[in-house]
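Visitor: Sharing a structure, written as structure tokens. Questions coming.
The values are calculated or read from the model by the stated rules, or taken from the named source; none is laboratory data. The model shown is predicted, which means the values in this text are computed figures rather than measured ones. Neighbour counts run over all protein chains shown; Cβ positions are idealised from the backbone, glycine included.
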Ligand code: FRU
């Protein structure tokens, strides 16, 4: 990190490229789908338009890994080429039974006058690379509009299979519905997943249930929430309710408080899975944006748009959810970290893949960090608020997202790439995910020091 950098010599097409995030080889990527560790290999599928950078013709893109760091790209696993999915192989999930991989997804079909149909479909595979579609599984449920999608399937301890789906009631309010099955083929409709109706938006997408020893979490992405102070500032949000999943598969919420999973500008439709080490791992889509902002993403001229988050391990203990980068990502560090001394306020970047770790001995009075003259991260002790701001690439104006911490600030960990940042605060009690598009010449990190006696340690790792 010493001396002048080589960033300005990067070619135009490369300057926003991401190296350790999963991106589409070309075209548009959205939700993570079908996450599973099958026969020892991690499979990540994703919503993928191979033919352009707009939301159309979704197939399931496919990457695999044995270490959650290096990803191998494969051809699309499922293409929209049957009558029941001709306008999109929409989001869904994966499970295994008797060594067979079962993929559940929503077939999207558009008719005349903007009408739409949705079918909950199955595809199976014996090796994880060749897939056979089995078609729709059941009739559309009564009482719900055609906005029913994104099946998430898991097996209960009692052996029963559960499927939940994002849904819209006929009165145009959001819901999640539940089906159960004994064999993954024959499904029975059980009604709403929630014991009690929750008035939250007009449609709930990508539901998921995370089971921890202490509590269960119902994660979903509701559409139609109004901003409320620092909350719900993005076009759509993702969050969770804590509670308990009953043996019949109903979710009993403990306080009906919907808590956002990520405080950044771009985070949506995450999905979780439990790996063979029994970790709950989640990926999210770094991409939900206002349509005009999305259409202006600078990588579109290079033929691709959006990314998935790095894999995060989720834990829930003593009433606190933490999201932390999986430990395997430490293998991306090259060499020893550069230590930033208190008097150093500027660090020159020689590479655009960095991990920055900041630990404080005591709650700092204030803190601010600048990234490439674009992103600013700050903390104010009085209000215990962490704020992240960036320059919006469409309007050129600075915009911000913020959260009030429950306790004092102890640490920050940043995963930095050329155009994407994931910030983990206090061991992942709060997370901010965002894209940013800086100029090549802006290649510095800057750190402020509010108090000469402040005790902090900053390490900067270069990542491969
Ligand atoms: C969420 C979502 C899902 C749908 C998919 C289509 O981002 O709208 O509800 O299945 O994307 O690509």
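Visitor: Is it the case that the stretch 302-309 has a residue that's under 24 Å from residue 405 (Cβ atoms) and assigned by TED's automatic domain parsing to the domain that holds residue 63?
Guide: yes
Visitor: What number of residues within the stretch 87-105 are within 16 Å of the ligand (Cβ to nearest atom) and more than 13 Å from residue 133 (Cα to Cα)?
Guide: Within the stretch 87-105, residues that are within 16 Å of the ligand (Cβ to nearest atom) and more than 13 Å from residue 133 (Cα to Cα) number 7.
Visitor: Let me ask something additional. When the stretch 142-190 is examined, which residues are found to be part of a strand (DSSP E or B), closer than 16 Å to residue 247 by Cα and more than 27 Å from the chain's Cα centre (by Cα)?
Guide: Those that are part of a strand (DSSP E or B), closer than 16 Å to residue 247 by Cα and more than 27 Å from the chain's Cα centre (by Cα): 181, 188, 189, 190.
Visitor: Further question: Which of the strands (runs of 3 or more DSSP E) found entirely inside the stretch 378-464 contain at least 2 residues meeting this: over 20 Å from the mean Cα position of the chain (by Cα) and within 20 Å of residue 229 (Cβ to Cβ)?
Guide: 385-391, 398-404
Visitor: Looking only at the stretch 201-221, count how many residues are assigned to a loop (DSSP other than H, G, I, E, B), surrounded by 16 or more Cβ atoms within 10 Å (Cβ to Cβ) and away from the ligand (no atom under 16 Å from the Cβ).
Guide: Looking only at that region, the number is 1.
Visitor: Ok, one more. If you scan the stretch 236-259, which residues turn out to be within 16 Å of the ligand (Cβ to nearest atom) and farther than 14 Å from residue 285 by Cα?
Guide: Answer for the stretch 236-259, where residues must be within 16 Å of the ligand (Cβ to nearest atom) and farther than 14 Å from residue 285 by Cα: there is none.
Visitor: Right, next: Restricting attention to the stretch 249-281, which residues are within 19 Å of residue 225 (Cα to Cα) and not in a strand (DSSP E or B)?
Guide: Of everything in the stretch 249-281, those that are within 19 Å of residue 225 (Cα to Cα) and not in a strand (DSSP E or B) turn out to be 255, 256, 257, 258, 261, 262, 263, 264, 265, 266, 267.
Visitor: Okay, moving on. Answer yes if at least one residue in the stretch 230-247 is more than 26 Å from residue 309 (Cβ to Cβ) and part of a loop (DSSP other than H, G, I, E, B), and no otherwise.
Guide: yes
Visitor: Can you name every one of the strands (runs of 3 or more DSSP E) wholly within the stretch 41-80 that holds 2 or more residues which are over 19 Å from the mean Cα position of the chain (by Cα) and more than 15 Å from the ligand (Cβ to nearest atom)?
Guide: The qualifying strands (runs of 3 or more DSSP E) are 72-78.
Visitor: Next up: Among the listed residues 372, 401, identify the single one that is buried (at least 17 other Cβ atoms within 10 Å of the Cβ) and closer than 22 Å to residue 235 by Cβ.
Guide: 401
Here's the yes/no breakdown for (1) at pLDDT 95 or above; (2) within 26 Å of residue 342 (Cα to Cα); (3) in the same structural domain as residue 237 (by TED's automatic domain parsing):
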| residue | (1), (2), (3) |
| --- | --- |
| 401 | yes, no, no |
| 406 | yes, no, no |
| 412 | yes, yes, no |
| 427 | yes, yes, no |
| 430 | yes, yes, no |
| 451 | no, yes, no |
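Visitor: Look through 113, 108 and report the one residue that is more than 15 Å from the ligand (Cβ to nearest atom) and either farther than 23 Å from residue 268 by Cα or in the same structural domain as residue 61 (by TED's automatic domain parsing) (or both).
Guide: Of the residues listed, the single one that is more than 15 Å from the ligand (Cβ to nearest atom) and either farther than 23 Å from residue 268 by Cα or in the same structural domain as residue 61 (by TED's automatic domain parsing) (or both) is 113.
Visitor: What do you reckon, is residue 201 in the same structural domain as residue 108 (by TED's automatic domain parsing), under 25 Å from the mean Cα position of the chain (by Cα) and on the phi > 0 side of the Ramachandran plot?
Guide: The answer is yes for residue 201.
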